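Quick notes on the structure that follows.
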Amino acid sequence: MNKSKRKIRCLLCALMMSFSLLVGCTNSNVTESAAGGSTHKEEENKENSAENIEDEQLPELKDELVICMGTRPPGEFDPKTRWGLYSQSQILHSTLLKKTHELEIVGDYAKKYEVSEDGLTWMFYLNDNYKFSNGESVTPEDVKFSFEMLKEHGMHWDLTFLKEIQIIDPLTMKFVLTEPRSTFFAQLTEIVILPKNHYDDNYAQNPIGSGPYKLVQWDRGEQAIFEVNPYYHGQEPHFKKFTLLFLDENAALAAAKNGTVDLIYTLPEFADEKIEGFKLFSYESNDVRGVSMPTQKSGYGKTPEGYPIGNDVTSDLAIRKALYIGLDRQAMVDTVLNGHGKKAYSLVDKMPWWNEETVLEDNKVEQANLILEEGGWIDTDQDGIREKDGLKAAFKLYHPTADIIRTNVALVVAEQAKQLGIEIELVGSNWDEMKTIMHSNPILFAGGRHHPHQFYTMHNPDLAGTAYNNIVYFDNATVNTYMNKAMHATSMEEANEYWKLAQWDGETGASGLGEVPFIWLVRLDHIHLGDARLNFGEQAIHTHGHEWSLLANIGEWSWDSEVKVD
């Protein structure tokens with residue numbers, strides 16, 4: 001029994017005792033006043049009813065949660081290690097701007113903003129009531145520090161176009177860009193505001209932010225405990241405290257079954273599990289899984305960190321095109337995702353900048369085989385694997401063994417590729433190793449964001465080899481031109497038209513119709529098992545990051561005691 005429930009029952013017991021004493025004092029008069037009030041029998045019924053209250057199911061005023069959302073918090077609270085890229089920004093921190101559940105860009109610390117017609121000057125007019133969880137006020141100096149620090153770090157946030165940040169007065173800031181950047185909006189909603197005077201190399205151990213919650217305990221690899229930020233400027237969250245337990249999917253399911261957690265994210269294969277009081281929550285996402293296909297031949301060179309680039313098999317366009325149309329995506333949705341997902345055709349499916357022409361009919365084995373034959377890939381020795389100029393149509397596909405969905409997708413891809421005469425050797429790995437081989441070997445990749453900036457970084461040759469940007473070393477001059485026009489557009493509408501052309505312009509593009517640098521396969525529905533009384537508010541379409549997409553608006557969650565629990 002939780003604390004709140006105990007309080008309610010103690011209160012009811014006290015009321016019952018008072019009621020009994022009252023009945024005892026007045027009982028002698030009951031039968032005498034029967035004509036004008038209760039009979040002795042009625043009083044007995046009341047007493048019995050009061051005694052039975054404790055046995056009835058009482059509304060539970062729950063304001064603390066225990067949640068399992070995977071085995072680790074991506075970014076671990078520091079933007080230098082990607083905190084903010086997976087919809088986590090608004091939990092611990094504030095940002096200059098933020099997104100609504102309809103993906104509309106609105107003010108956060110900046111209550112309003114203006115962009116000059118040439119797209120080079122961005123003015124921000126700030127709120128004056130934002131405070132960090134230590135009680136200190138958020139200032140323009142904190143904003144300036146956050147952006148300049150991440151620009152200098154340069155690993156995960158591309159801010160090279162940011163020329164200067166000026167503090168006009170305590171409530172006004174000006175950002176000056178070297179060139180227009182239509183995707184700058186996205187970074188303004190993701191880059192968290194850090195406290196200049198309290199940020200150091202140990203910041204992740206004790207993050208200080210101005211979001212609705214603060215981190216009060218962090219046991220790396222085990223749990224993180226959050227409580228309401230007492231200085232939060234907005235509406236106080238319903239849940240005063242929540243604990244994240246870092247458990248794998250099987251352990252999380254076991255915890256749900258034994259009643260020690262309120263909510264877990266779950267694998268599709270567990271979606272049909274029946275847990276007393278729980279229900280399945282499902283949300284559409286643009287969280288996609290696919291195979292990266294290095295586009296350069298081996299010997300192309302090495303990355304800045306010295307890792308080899310290129311693959312002689314995947315660099316052949318016929319191999320990439322054949323796999324793109326020959327694989328059966330619906331079979332993957334039906335089996336790997338247990339029906340909880342959709343086919344994927346790009347990194348930007350269903351977004352306003354998606355070119356819907358890139359949807360191709362798949363599972364076209366005969367057409368895929370014809371593409372391979374016309375490309376010179378023939379099984380000359382009849383061993384079931386095609387060859388071209390003495391080179392086998394074979395390659396390794398790396399996948400993180402800790403990720404069950406990626407592993408299962410990889411298994412299906414390898415099996416289906418056999419009917420095309422392509423041999424895929426699966427290699428279970430981890431990200432430490434995969435970072436060193438991902439420019440020369442395919443990996444089971446993932447992505448999906450609320451903006452087109454990731455499409456830009458994943459196809460831009462100037463960013464190839466940095467972090468997870470353009471790991472396949474894709475380079476298409478026409479696509480580059482479209483992407484640059486999109487980035488320099490001064491309106492989202494204009495930018496979106498160029499993003500669509502970059503995917504396919506009728507002749508080329510970075511999609512399955514064009515150069516196929518990635519073979520996108522499935523788009524996950526994010527599914528969770530949780531107490532039926534949980535209310536997650538308005539959810540935006542989820543991005544990559546099954547764990548954190550749901551938590552993004554946890555400050556708006558509530559508890560509906562009236563929901564019937566089966």
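The values are calculated or read from the model by the stated rules, or taken from the named source; none is laboratory data. From a predicted model like this one, the values you see are computed outputs, not experimental measurements. Counting neighbours? That spans all protein chains shown, and the Cβs are built from the backbone with ideal geometry, glycine included. For accessibility, only protein heavy atoms count, side chains too; no ligands or nucleic acids. Shrake-Rupley method; radii C 1.70, N 1.55, O 1.52, S 1.80 Å.
Structure notes:
- Residues that are open to solvent by less than 10 Å² (accessible area, probe 1.4 Å) and more than 30 Å from Thr95 (Cα to Cα), drawn from the stretch 233-252: Ala252
- Residue in the stretch 173-190 that is under 28 Å from Phe239 (Cα atoms), of a type in the set (Asp, Glu) and touching a helix residue (DSSP H, G or I) at 6+ places or on another chain (Cβ under 8 Å) present: yes
- Unique match (being part of a strand (DSSP E or B) and modelled with pLDDT of 95 or more) among Lys279, Lys297: Lys279
- Filter result (open to solvent by 40 Å² or more (accessible area, probe 1.4 Å) and out of contact with any Asp or Glu (no Cβ under 7 Å at 6 or more places or on another chain)) within the stretch 65-83: Arg72, Glu76, Lys80, Thr81, Arg82
- Residue count for the stretch 84-107 under the criterion of being in contact with a helix residue (DSSP H, G or I) (Cβ under 8 Å, 6 or more places away or on another chain), part of a loop (DSSP other than H, G, I, E, B) and open to solvent by less than 10 Å² (accessible area, probe 1.4 Å): the result is 4.
- If you filter the stretch 475-523 down to residues that are more than 26 Å from Leu120 (Cα to Cα) and β-branched (Val, Ile, Thr), you find that the one that is farthest from the chain's Cα centre (by Cα) is Thr508.
- One residue stands out among those in the stretch 84-108 that are touching a His at 6+ places or on another chain (Cβ under 9 Å) and closer than 15 Å to Phe147 by Cβ: the one that is modelled with the lowest pLDDT, which is Gly84.
- Elements of type helices (runs of 4 or more DSSP H) contained in the stretch 308-405, each with 1 or more residues being among the basic types (Lys, Arg) and closer than 27 Å to Thr508 by Cα: 317-326, 329-335
- Answer residue from the stretch 523-566, given it is open to solvent by 10 Å² or more (accessible area, probe 1.4 Å) and in contact with a Pro (Cβ under 7 Å, 6 or more places away or on another chain) and is farthest from Phe239 (Cα to Cα) among those: Ser561
- Every residue from the stretch 303-320 that is within 11 Å of Leu372 (Cα to Cα) and either under 29 Å from the mean Cα position of the chain (by Cα) or open to solvent by less than 20 Å² (accessible area, probe 1.4 Å) (or both): Ala318, Ile319, Arg320
- Set Asp169, Asp201, Asp142: member being open to solvent by 80 Å² or more (accessible area, probe 1.4 Å) and either more than 23 Å from Met351 (Cβ to Cβ) or touching a His at 6+ places or on another chain (Cβ under 7 Å) (or both): Asp201
- In the stretch 409-446, of all residues being open to solvent by 10 Å² or more (accessible area, probe 1.4 Å), touching a Pro at 6+ places or on another chain (Cβ under 9 Å) and assigned to a helix (DSSP H, G or I), the one that is farthest from Glu373 (Cα to Cα) corresponds to Trp431.
- Qualifying residue in the stretch 205-226 (condition: over 19 Å from Leu551 (Cα atoms), of a type outside the set (Lys, Arg), at pLDDT 95 or above and touching a helix residue (DSSP H, G or I) at 6+ places or on another chain (Cβ under 9 Å)): no
- Of all residues making up the stretch 108-129, the number that are closer than 17 Å to Gly211 by Cα and not in a strand (DSSP E or B): 5
- Residue check, Phe124 crowded, with 16+ Cβ neighbours inside 10 Å and touching a Pro at 6+ places or on another chain (Cβ under 7 Å): no
- For first residues located in the stretch 332-353 and small (Gly, Ala, Ser) and open to solvent by 20 Å² or more (accessible area, probe 1.4 Å), partners that are at pLDDT below 95 and outside any strand (DSSP E or B) and lie 6+ apart or on another chain with Cβ distances below 8 Å form the pairs Gly339/Pro268.
- Tally, over the stretch 116-153, of residues that are of a type outside the set (Phe, Trp, Tyr) and either without any contact (Cβ under 8 Å) to a residue 12 or more places away in the chain or in contact with a Lys or Arg (Cβ under 6 Å, 6 or more places away or on another chain) (or both): 10
- Breaking point among (1) in contact (Cβ under 8 Å) with a residue 40 or more places away in the chain; (2) open to solvent by 10 Å² or more (accessible area, probe 1.4 Å), for Val261: (2)
- Leading residue by the ranking (nearest to Val288 (Cα to Cα)) among those in the stretch 354-391 that are charged (D, E, K, R) and surrounded by 17 or more Cβ atoms within 10 Å (Cβ to Cβ): Asp362
- Tally of residues being assigned to a loop (DSSP other than H, G, I, E, B), crowded, with 17+ Cβ neighbours inside 10 Å and of a type outside the set (Ser, Thr, Tyr) across the stretch 471-511: 10
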